[in-house]
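Below: the structure, in structure tokens.
The values are calculated or read from the model by the stated rules, or taken from the named source; none is laboratory data. Note that this is a predicted model, so its numbers are computed, not measured. Cβ atoms come from the backbone with ideal geometry, glycine included; neighbour counts cover every protein chain shown.
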Amino acid sequence: MSFWSGLSQLRTILDTETDGESPLSQALMDQFRENIEVLFQLLLDTGEGGSATSDPSNDTNGYFYDTAGGWSDDEHNGRTLLIISGAAKGNMYTIDDTDDANDRLVCTGDNLYADGVRSGDSYRILFDVKNNIWGHDHDGVNSREVVLPDGTVSAWSDEREVSGSQTGYDTTNAKHIRIFYPGTFTHLKFSAEIKADSGDTAYCRLSDGSNDSSEVSRGSTTYGWQDSSSWDISGLGWTPNSWQSLYVQGKCYAGGGWWIRGVNIVWANS
């Protein structure tokens with residue numbers, strides 16, 4: 001049987017192969033090994049692999065070349081390069097850099113040539129199996145990055161009432177909030193529970209102080225929820241994995257009065 005041959009090799013091992021009357025055989029031991037490899041693939045394979053297109057240099061630069069890899073810069077940083085054919089078959093290396101312009105993976109400090117890696121050797125790219133000791137957190141390095149449906153991750157919610165009577169948006173009569181921006185989403189959506197004075201119309205929007213979302217409105221003296229359209233924040237310069245200040249602002253049309261009570265904000269990608 002071949003090494004790291006894929007899901008097609010997975011099968012259950014029968015009790016008749018392991019009972020007291022069954023001799024230990026190479027076929028049985030190969031099946032144990034291949035079942036373990038399949039579990040590795042199911043848990044850790046990124047789905048990417050191929051063959052080296054030139055020999056690595058005989059030094060500790062750790063260059064591994066594949067002109068057909070089609071990688072983007074930094075795509076596989078922190079993941080694991082597994083050699084699955086040739087003299088270095090079974091060796092695993094930490095990928096420190098993904099260099100698109102030079103069609104190479106960089107495994108700094110490793111002499112791949114001395115280990116036996118050569119042009120034509122096959123490889124797979126796994127999520128990190130060499131350095132991660134804390135389990136999978138789906139960060140895209142030690143396991144597949146989590147992809148959540150739009151509107152399922154709450155950014156902020158409260159029912160603290162604010163009100164005013166001005167006819168233009170400002171930051172004085174507003175909810176000042178801070179939300180954690182994970183950097184993995186491109187849009188925000190929000191719903192606001194608002195009402196207005198008799199004969200007036202209340203409006204509500206989000207603002208970061210320089211950029212504003214679309215607004216919602218309600219012309220009723222009783223509270224009701226109004227849903228906004230999606231706010232594209234991808235080009236606003238927010239710093240990923242940091243706290244972002246926002247204002248939930250209100251105004252009214254005629255100066256009679258506006259109220260905002262409940263606000264729900266969720267992350268989205270469209």
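Results, tabulated for the structure shown:
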item	result
Residue match in the stretch 95-103 (condition: touching a residue at least 40 places away in the same chain (Cβ under 8 Å) and under 14 Å from ALA52 (Cα atoms))	yes
Count of residues meeting criterion [hydrophobic (A, V, I, L, M, F, W, C) and modelled with pLDDT under 75] in the stretch 124-152	3
Matching entry among ALA155, ALA174 (being modelled with pLDDT under 80 and buried (at least 17 other Cβ atoms within 10 Å of the Cβ))	ALA155
Filter result for the condition that a residue is aromatic (Phe, Trp, Tyr), part of a loop (DSSP other than H, G, I, E, B) and either in contact (Cβ under 8 Å) with a residue 24 or more places away in the chain or in contact with a Pro (Cβ under 6 Å, 6 or more places away or on another chain) (or both), over PHE190, PHE185, PHE180	PHE185
Those strands (runs of 3 or more DSSP E) lying entirely in the stretch 1-92 with at least 3 residues farther than 25 Å from ALA114 by Cα and modelled with pLDDT under 95	45-51
The stretch 219-270, residues that are on the phi < 0 side of the Ramachandran plot, of a type in the set (Gly, Ala, Ser) and in contact (Cβ under 8 Å) with a residue 60 or more places away in the chain	SER242, SER245, GLY250, ALA254, GLY256, GLY262, ALA268, SER270
Residue within the stretch 139-161 that is touching an Asp or Glu at 6+ places or on another chain (Cβ under 8 Å), in contact (Cβ under 8 Å) with a residue 60 or more places away in the chain, within 28 Å of SER72 (Cα to Cα) and not hydrophobic (A, V, I, L, M, F, W, C) present	yes
Hey, ASP197 touching a Gly at 6+ places or on another chain (Cβ under 7 Å), acidic (Asp, Glu), in contact (Cβ under 8 Å) with a residue 12 or more places away in the chain and within 20 Å of GLY257 (Cα to Cα) or not	yes
Only listed residue being within 24 Å of PHE40 (Cα to Cα) and out of contact with any Leu (no Cβ under 9 Å at 6 or more places or on another chain), chosen from ASP74, ASP103	ASP74
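So that you can scan it fast, the table gives a plain yes or no per residue for (1) under 17 Å from TRP156 (Cα atoms); (2) assigned by TED's automatic domain parsing to the domain that holds PHE180; (3) surrounded by 16 or more Cβ atoms within 10 Å (Cβ to Cβ):
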position	(1), (2), (3)
SER213	yes, yes, yes
ARG218	no, yes, yes
THR222	no, yes, no
TRP231	yes, yes, yes
SER234	no, yes, no
THR239	no, yes, no
TYR247	yes, yes, yes
LYS251	no, yes, yes
